[in-house]
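Worksheet: one structure, shown below.
Throughout, read-outs are computed from the coordinates displayed, never taken from laboratory work. The structure displayed is predicted, hence computed values, not measured ones. Note that we place each Cβ from the backbone using ideal geometry, even for glycine, and neighbour counts take in every protein chain shown.
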Amino acid sequence: MADPYSPSVRRRRLSSELKRLRTESGMTLVEAAKQAGMGKSNLSKIEQAESRTVPAPTLNKLLDLYGVDDPAVRSAMHELSKLAGQKGWWSSYKDVMPQTLVDFEAEACAIRTFEPQLVPGLLQTPAYADAVFRANRVRDDDEVAQRVTARMSRQGILNRVDPPKYLAIIDEAVLHRTVGSPAVMCEQLRHLTHMAARHNIDIYVLPFSAGAHTSTEGSYLIMDFPDPRDSSIVYLEGPTTTMYLEEIHQIRTYNEMLGSTQNCSMTPAQTLELLKHRIQELAE
């Protein structure tokens, strides 16, 4: 059975543990780097999870310096370091998928998202995703097919034995925007009704009647993790860049935004009825 922990989260865990050990030892970053015989910038990269791996000799020096004598703890740290550099299935699609996002999704215990323009990626059908990727009119068939395959593979986290909780708030406009064709939309909306029936998935529609709301500035995704040492992450994506927010005040802002938007939305039961109504309209 594949290890569910993702490389990026392993790196985060390793870096946070090493930073905690240094802080508890009473050493500054400069002092620790000097005593370990390494540059300050190198140690800083390790503590900021910017270094993909930590060589075993370097890790041993740091553990010795921080007074870590417990063989079990040292062994666990080395195992964490070794696994931090391993690639998951998504490495095959690194050119078409934000790898860090998939890393984090693989470890998250809860994923919450607001989407004003499209059905969220984790809920898209192959035909709908295909139409989305063709929208920019510059991708060839091979690239589109690769992107669709990558997106479908990413959805595998919702099919695990112990899947994350998934909450999606979708603007009502998404249901009326024809992506691909009426037939593609009809299939997509039927898929949403099937996904909404799952115990771990809640889908809300934000109705036009809600007017202005707290999430008017665009889509975002919030990931929560089972270990309290791993702070939540907000993921933002634009045409040319992606951004990950981890500061406490940033997480609080987006949590409040999502909560307020959810309060303005239809209930899951009302959403299901609206989906069925739209399916009927498209089928006529």
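In table form, for the structure just shown:
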quantity	calculated
Under 5 Å, built H, 5+ apart or other chain: amide partners of TYR204	ALA168, ILE169, ILE170
Farthest toward positive dipole pole in segment 1-70 [+1 Lys/Arg, -1 Asp/Glu at C-beta], among GLN35, ASN60, VAL9	VAL9
Overall dimensions of segment 122-261 by Cα: Rg and Dmax, Å	16.3, 46
Segment 7-84: C-alpha gyration tensor shape, a/c 1.5 cut-off, then a/b vs b/c	oblate
Relative contact order of the chain, defined on C-alpha pairs under 8 angstrom at six or more residues apart (%)	19
Label-point separation, ARG20 to ARG190 (7 Å along Cα→Cβ), nm	5.0
Label-point gap, in nm, between HIS199 and ASN159 - each point 7 angstrom along Cα→Cβ	1.9
Candidates PRO98, PRO55, PRO207: whichever shows maximal mean-square fluctuation once the chain is modelled as a Gaussian network with Cα springs under 10 Å	PRO55
Antiparallel bridges, percent of DSSP beta bridges restricted to segment 94-283 (to nearest 5)	50
Computed over segment 1-72: relative contact order in percent, which uses C-alpha pairs under 8 Å that are six or more apart	35
From phi via Karplus (6.51, -1.76, 1.60), per-residue ³J(HN,Hα) for segment 209-221 in Hz, x at Gly/Pro	5, 5, x, 5, 8, 6, 9, 5, 8, x, 7, 7, 9
Cα→Cβ-extended label distance, 7 Å offset, between VAL138 and GLN117, nm	1.4
Residue (of PRO164, THR178, VAL144) at the positive-pole extreme of segment 120-204, dipole from beta-carbon charges	PRO164
Using a Förster distance of 35 Å, the FRET efficiency for ALA212-THR28 (Cβ separation, nearest 0.05)	0.15
Local net charge near ALA283, Cβ-Cβ under 13 Å (Lys/Arg +1, Asp/Glu -1)	0
Given charges at Cβ of Lys, Arg, Asp, Glu: the chain dipole, positive-most of LEU80, THR267, HIS249	LEU80
Among PHE104, PHE133, PHE225, residue whose mean-square fluctuation peaks in a GNM of the chain (springs only between Cα atoms under 10 Å)	PHE133
Point-charge dipole on Cβ atoms (K/R +1, D/E -1) for segment 7-84, about Cα centre, debye to 20	360
Within segment 169-284: Cβ-based charge dipole about Cα centre, in debye rounded to nearest 20 (Lys, Arg +1; Asp, Glu -1)	300
Additional length obtainable on full extension of the chain from ARG74 to GLN86, 0.36 nm per residue less Cα span	2.4 nm
Formal net charge of residues neighbouring SER219 (Cβ-Cβ distance under 10 Å; K, R +1; D, E -1)	-4
Gained length - ALA183 relative to THR240, 0.36 nm times residue gap less alpha-carbon distance	17.4 nm
Debye, to nearest 20: dipole size of the chain, +1 on Lys, Arg Cβ, -1 on Asp, Glu Cβ	580
Most fluctuating residue given options ARG12, ARG139, ARG190, as computed from a GNM of the chain linking Cα atoms under 10 Å	ARG139
